[in-house]
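Please treat every number below as a calculation from the coordinates, not as lab data. If you're wondering where the values come from, they're calculated on a predicted model, not measured in any experiment. FYI the Cβ positions are ideal-geometry reconstructions off the backbone, even for glycines, and counts take in every protein chain you see.
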Amino acid sequence: MLISRLVSSITPNWVRIMSNPTNTRGLLRNPKHEVYAQNRASGMEIKQAVEKAGLKSDSIEYRPEVKRRIREIMKQGASRAEVSRKRILERIFDDWEQSRRLGQMSSALKAAELMGKEMHKMFVERKEIGQPGDFDNKSEEELREIINKEMEELGWDKPPEPSQIN
């Protein structure tokens, strides 16, 4: 125990840093690996990220330090997005308060509308697509097919069939 303390106390910092696959900032030591991790965290496919980083094999995907770095980058991006969202909502709220104090009701209403849309999913804008009567001559099955197609394009699950609901 005493020897390991003595060795660690005389080991220079650069040796400890270089023996770790990541440096003190969390970046990967190998610049190609760091580029790969950043590309993967941005949503790039494995093969494309390997090519962009100048690597020869996709085995890098399975290295623990690379996996950790990808998670770290994604977490940073999510927290930054949440912070900016929070700041925007705070500004809108401040503008709402200021507009009310100054008697600028149209500005206050707009700020209230923006807060309602974001925080409570209120004031959703709805539009009718197509001309009046476009769906009048469609059978129930054709209407279900149109709805299912639209939902699929939006990435939603298909609704249950009426026979499954009862």
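Okay, here's what the table says:
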read-out: 14 Å beta-carbon shell around K52, net charge (K/R +1, D/E -1); value: -1
read-out: Cβ-defined net charge surrounding E142, 12 Å radius [Lys, Arg +1; Asp, Glu -1]; value: -2
read-out: Calculated FRET efficiency for the pair R68/M44, C-beta based, R₀ 22 Å, to 0.05; value: 0.75
read-out: Formal net charge of residues neighbouring Q98 (Cβ-Cβ distance under 13 Å; K, R +1; D, E -1); value: 0
read-out: Spatial extent of segment 24-166: Rg and Dmax, with the Cα atoms as the point set, Å; value: 24.5, 68
read-out: Exposure proxy order (Cβ contacts within 10 Å, fewest to most) of V83, V50; value: V83, V50
read-out: Computed E for D58/E150 - FRET, C-beta separation, R0 41 angstrom, nearest 0.05; value: 0.65
read-out: Whichever lysines have a C-alpha closer than 21 Å to that of K56, once near sequence neighbours (fewer than 8 apart) are set aside; value: K32, K47, K67
read-out: Inter-site label distance for F135 and K110 at 7 Å from Cα along Cβ, in nm; value: 3.4 nm
